[in-house]
Amino acid sequence: GELCDAVIGAGEPVEGRSAVDSQSILEHLERNNLFIVPLDDERRWYRYHRLFADQLRQRLHQKRRDLVLKLHQRASEWYEENGLIPEAVSHALASGNLERAAGLIEWTAWQILTRGEMTTVLGWLGALPPNLVHSRPQLCILHAWALAFAGELDSVEPCLQDIDVQQVQGEVAAVRAYVATARGEASRAIELAHLALGLLPEEKWFSRGIVALSLGLAHQSSGELAAASRALAEAISLSRAADQTYMTLVATTTLGRVQERQGLLCQAMATYQEASEMASGSGSQPAPFAGMAHVGIAEVLCEWNDLDNAMRFAMDDIELSELGGFVLYLLAGHAILARVHWARGEVNSALEVIQKAERLAQRYGYAYLTAVVAELRSRLWLAQGNLAAASRWAQEHRWSPGDRLDSAREVEQMAVARVLIAHEKPGEALQLLTRLLEAAQAAARMGSAIKILTLQALAFQAQGEMEESMSALERALSLAEPEGYVRTFVDEGEPMARLLSQILVAQRKGRQALSRGIAPSYVAGLLAAFGQEVELASPAMESLVEPLTERELEVLRLIVAGLSNSEIAEGLVIAVSTVKSHVNHIYGKLGVESRTQAVARAQELALL
């Protein structure tokens, strides 16, 4: 009612009356079911039926077109006085008072932007004349940030070029640092981030938080995970101090990504879940920027082979990211979705999603995700038997020792190594993988090390060097088991299944795999993901220095039953000397010296 009074002009004569009581009119319309609906229990806010509202607007334009701009101006003023600034902006734009609109946007857009509503900010700025935006440095900065967050990286620099105001040079450097990070230009991003931190005032928590985030992203991109973790912790602290949920969420999910690269899947999952709860808040519907947490959850679930839930979270991310205009996370969601389809054997669906991801990657130029999509495409070529296309791609992307090895190049080079193995060039693959492994281990990128060791095992297998192959795979398994890695191994197909089967056989024979602490149940679980059922020994059997063979277990059962050596020989149709040999082996493995002790030890371990 108050808004209606303000818009039509309280106190002005209307239809013969000297005063207007809009609230009474609204209540009268509601009581008589005249196309109006209350929006709250206090009967404060109402809305018209959509078709009736359209009819009223049409009538206004027919009868009093001269009033339209004035009414919008009054509405804008009322909304501003009552703290409803986004609505005030919309009506200021509709009123044609663009200077007023620009001032309101400058005042409120930072808050809107930091809620992740880039589409709204870009819509407002797009409604203003370019010369008006360029005349206001803060609007230029806002425009640059909105474009950067929306993934329109090529459009950012034109917004910054004409700014020659010393007070905002820290902001300019901050935006440029973010863009350099998104492009994978880690060294330039780090340089610009330090420049921005030197120029930005201490009280600029929001901007300093974004710079710390850019620094963390840049260190992550360059593979410096410890430095990335420190910068991201600072970004989280600054963003919380500025009460910026959106930026806190971005920094938190980026920290989860760093933990993934460190091979800490369980810790990463906890971080992503914390971010998801942060985005949901107290509302039943998650904010659009919750997608960035959902894609992280989807990635870990996919690695754990929980494909149904991985797909659900990936689809949630895609829907939310499309709604909020978050191209980076939209691309990430498509990459995970393609991987899930691939894991399910749905090659056509995987191809369709990869093509969508490739179009996004080509348009927006995110280096790391472009490499992830290229890796998926190379797997598809190999699965389709298109070795020629895969080899051409690998040749074009071969890494030289002098090249910079960042996170994007690392993903790319692992894909190149896989192609070389498939192309029967395992020696070249091993040379490349050795350099990659040294770099990954030096930077504690254990998530990468697991994948590289897995490929090394396949390369050694292709060369017929089985001892080296088994050793590399055992190292990968020992790192992967505590975090529950599955798809890293299973996605490598039948050659990996054969190696895992040999590992399990070796474990049963007491090879060194047991000394690495790899549980046979973990290896059996990986084989089960290939569709192979494996019968495992009991946990008690696994605790023995060397497990008992099936024949030794059979002899032990007969000993527990009280049979003599000759009776056992007769029952098993073997020589007494063979029975004695089995008994001696049983004593040695159980660490006992007599039948009585053997029976007691078998009962203690529940072996039978």
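The values are calculated or read from the model by the stated rules, or taken from the named source; none is laboratory data. Every value quoted in this text rests on a predicted model; they were computed, and no experiment measured them. Virtual Cβ from ideal backbone geometry, glycine too; neighbours counted across all protein chains shown. When the accessible area is computed, the model is the full protein with side chains, heavy atoms only, and any ligands, DNA or RNA have been set aside. Shrake-Rupley method; radii C 1.70, N 1.55, O 1.52, S 1.80 Å.
Per-peptide packing, taken as the mean over residues of other Cβ atoms within 10 Å, places 375-384, 493-502, 179-188 in the sequence 179-188, 375-384, 493-502 from highest down.
Counting only alpha carbon atoms, the long axis of helix 387-396 and the longest principal axis of the chain meet at about 70°.
Within the chain, how many Lys pairs sit with Cα atoms under 22 Å apart, leaving out pairs fewer than 8 places apart on the same chain? Qualifying lysine pairs in the chain: 4.
Our Cα-only numbers for segment 56-99 put the radius of gyration and Dmax at 10.9, 32 Å. Near the amide H of I36, within less than 5 Å, lie the amide hydrogens of H49, all on another chain or at least 5 residues away, with H placed in the peptide plane.
All alpha carbon pair distances within segment 192-346 were sorted into 10 Å bins beginning at 0; the resulting P(r) in whole percents reads 12, 38, 35, 12, 2, 0. Only DSSP H runs of four or more residues enter the estimate; each adds -39500 (n - 2.57), and after division by the residues of the chain the mean residue ellipticity at 222 nm equals -23000 deg cm²/dmol.
Considering all C-alpha pairs of segment 337-494, those separated by over 18 Å amount to 60%. Only Cα pairs under 8 Å and 6+ residues apart enter the sum, and on that basis the relative contact order of the chain stands at 7 percent. Applying a DSSP loop filter and a limit of 13 other Cβ atoms within 10 Å to the GluC sites (Glu not before Pro) in segment 41-149 leaves E42. Taking the longest Cα principal axis of the chain as reference, the axis of helix 407-422 is set at about 40 degrees. Between R344 and A506, the FRET efficiency estimated from the beta carbon spacing at R0 = 30 angstrom works out to 0.45. Peptides 64-74, 215-225 ordered by packing proxy, namely the average of other Cβ atoms within 10 Å per residue, highest first: 215-225, 64-74.
Rolling a 1.4 Å probe across all protein chains gives Y368 an accessible area of roughly 60 Å².
Sequence-ordered 3J(HN,Hα) estimates for segment 259-264 from the Karplus curve with 6.51, -1.76 and 1.60 and θ = phi - 60° stand at 4, 4, 5, 7, x, 9 Hz, glycine and proline given as x.
Stokes-Einstein diffusion of the chain at 10 °C, 1.306 mPa s viscosity, Kirkwood radius from Cα pairs, rounded to a whole number: 55 µm²/s. What the Cβ-Cβ distance of S135 and E424 gives, at R0 = 51 Å and to the nearest 0.05, is a FRET efficiency of 0.20.
Entry for segment 34-73 at q = 0.17, 0.29 Å⁻¹: log10 I(q)/I(0) = -0.58, -0.91, Debye formula applied to identical alpha-carbon scatterers, no solvent contribution.
Against the main long axis of the alpha-carbon atoms of the chain, helix 118-127 sits at an angle near 30°.
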